[in-house]
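The values are calculated or read from the model by the stated rules, or taken from the named source; none is laboratory data. The structure presented is a predicted model; accordingly, all values stated were derived computationally and were not measured. Heads up, the Cβs are rebuilt from the backbone with ideal geometry, glycines too, and the neighbour counts pull from every protein chain shown.
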Amino acid sequence: MVKEFWNHSACGEHLYMIGEDLKSQFNNQLEERYRLEPMILEFVDFPHWKQKQVLEIGVGLGADHQLFASNGALLYGCDLTERAIIYTKQRLELFHLHSNLEVADANQLPYQNDIFELVYSWGVIHHSPGIELSIKEIHRVLKPGGMGKVMIYQKYSIVGFMLWIRYALFSGRPWLSMNEIYSRHMESPGTKAYTIKQAKKLFGNFSEVQIKTCLSHGDLLTSKAGQRHEGVLLSVARMIHPRWFIKKCLSGNGIFMLITVKK
Ligand SMILES: C[S@@+](CC[C@H](N)C(=O)[O-])C[C@H]1O[C@@H](n2cnc3c(N)ncnc32)[C@H](O)[C@@H]1O
């Protein structure tokens with residue numbers, strides 16, 4: 001089901017692939033991505049990975065992959081879907097860049113042990129039916145001393161609360177748990193979200209684990225929502241959303257959980 005969902009439309013495809021030709025569509029998507037998610041640039045520090053063995057899991061439309069490639073990383077990338085791999089191959093070809101791309105599941109990576117200096121994955125492994133397995137695989141393919149940089153969703157986030165209000169409270173089913181809400185209404189079916197404590201435990205086999213959270217454009221409703229949400233309620237919510245209050249008092253409740261680990 002996860003594969004069907006993302007094969008139907010890649011992440012952000014119908015919202016941001018706008019333009020007359022493929023190159024301008026990729027340029028537009030890239031620009032929007034770092035306007036909306038500038039924290040990626042600081043989190044990853046793309047120039048740092050020049051001439052280093054890097055794997056990206058879940059490349060999607062390939063914007064981050066393009067930045068790794070243009071900064072000279074020795075690059076590998078995979079995604080569960082053919083659609084994402086085709087898009088990313090087309091993107092790199094158009095910009096005369098190189099990577100070793102293939103369709104693969106994070107739960108069963110087709111790479112040898114101990115080969116990457118960085119494994120990067122943004123918003124991917126929480127879709128995987130067995131996140132523990134994906135994390136085990138990340139650990140396996142990293143060199144000793146190698147780093148993992150992973151974004152997964154934080155459970156008690158503003159996005160989560162908004163989805164709960166919409167799909168539990170306003171739908172007359174206030175007994176629905178946050179886990180059920182993420183699983184049914186956040187992107188591909190079965191999506192999960194975690195507390196910081198749970199994330200620390202999940203990555204417990206690494207020698208160092210640093211976790212920070214940040215507010216996203218989704219928490220602040222400053223973008224078009226994901227591919228599943230639109231309508232009058234959302235338009236009203238955008239108008240009355242207390243952004244100043246969220247930034248001041250709930251800045252720890254962003255949906256993005258940025259995890260940096262060392263093997
Ligand atoms: C929300 S999108 C994120 C894509 C990209 N990282 C980005 O930030 O735009 C999730 C991506 O993860 C991929 N994906 C989901 N489960 C996966 C798995 N088990 N292994 C590899 N990729 C997976 C999907 O096909 C999709 O391209």
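Being in a strand (DSSP E or B) and out of contact with any Gly (no Cβ under 9 Å at 6 or more places or on another chain) is the filter; apply it to the range 70-84 and report the residue that is nearest to Y111 (Cα to Cα).
Restricting attention to the range 70-84, the residues satisfying the condition of being in a strand (DSSP E or B) are 74-79.
Those still in the list that are out of contact with any Gly (no Cβ under 9 Å at 6 or more places or on another chain) too: 74-76.
On the way: L74: 14, L75: 13, Y76: 10 Å.
Of everything passing the filter in the range 70-84, Y76 is nearest to Y111 (Cα to Cα).
Only one of the numbered conditions (1) under 16 Å from the mean Cα position of the chain (by Cα); (2) surrounded by 12 or more Cβ atoms within 10 Å (Cβ to Cβ); (3) more than 10 Å from the ligand (Cβ to nearest atom); (4) modelled with pLDDT of 95 or more is violated by E32, and that is (4).
The residues of the range 40-98 that are aromatic (F, W, Y), crowded, with 22+ Cβ neighbours inside 10 Å and closer than 15 Å to L30 by Cα, listed by number, are F68, Y87.
If you go through the range 1-24 and pick out every residue that is of a type in the set (A, V, I, L, M) and near the ligand (Cβ under 8 Å from one of its atoms), you end up with 2.
Among all positions in the range 132-150, there is no residue which is under 27 Å from P242 (Cβ atoms) and touching a Phe, Trp or Tyr at 6+ places or on another chain (Cβ under 9 Å).
Just one of the listed residues (T191, T213, T260) is at negative phi and assigned to a loop (DSSP other than H, G, I, E, B), namely T191.
Does G218 fit the bill of being under 17 Å from the mean Cα position of the chain (by Cα), part of a helix (DSSP H, G or I) and at pLDDT 95 or above? Spelling it out, it is not the case that G218 is under 17 Å from the mean Cα position of the chain (by Cα), part of a helix (DSSP H, G or I) and at pLDDT 95 or above. Considered as a group, the residues in the range 102-123 that are surrounded by 23 or more Cβ atoms within 10 Å (Cβ to Cβ) and among the aliphatic types (A, V, I, L, M) include one that is nearest to A10 (Cα to Cα), and that residue is A106.
For (1) within 10 Å of the ligand (Cβ to nearest atom); (2) part of a loop (DSSP other than H, G, I, E, B); (3) of a type in the set (V, I, T); (4) at pLDDT 95 or above, each residue gets a yes or a no:
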| residue | (1), (2), (3), (4) |
| --- | --- |
| I86 | no, no, yes, yes |
| E93 | no, no, no, yes |
| L97 | no, yes, no, yes |
| L118 | no, no, no, yes |
| S121 | yes, no, no, yes |
| H126 | yes, no, no, yes |
| I138 | no, no, yes, yes |
| P144 | no, no, no, yes |
| M147 | no, no, no, yes |
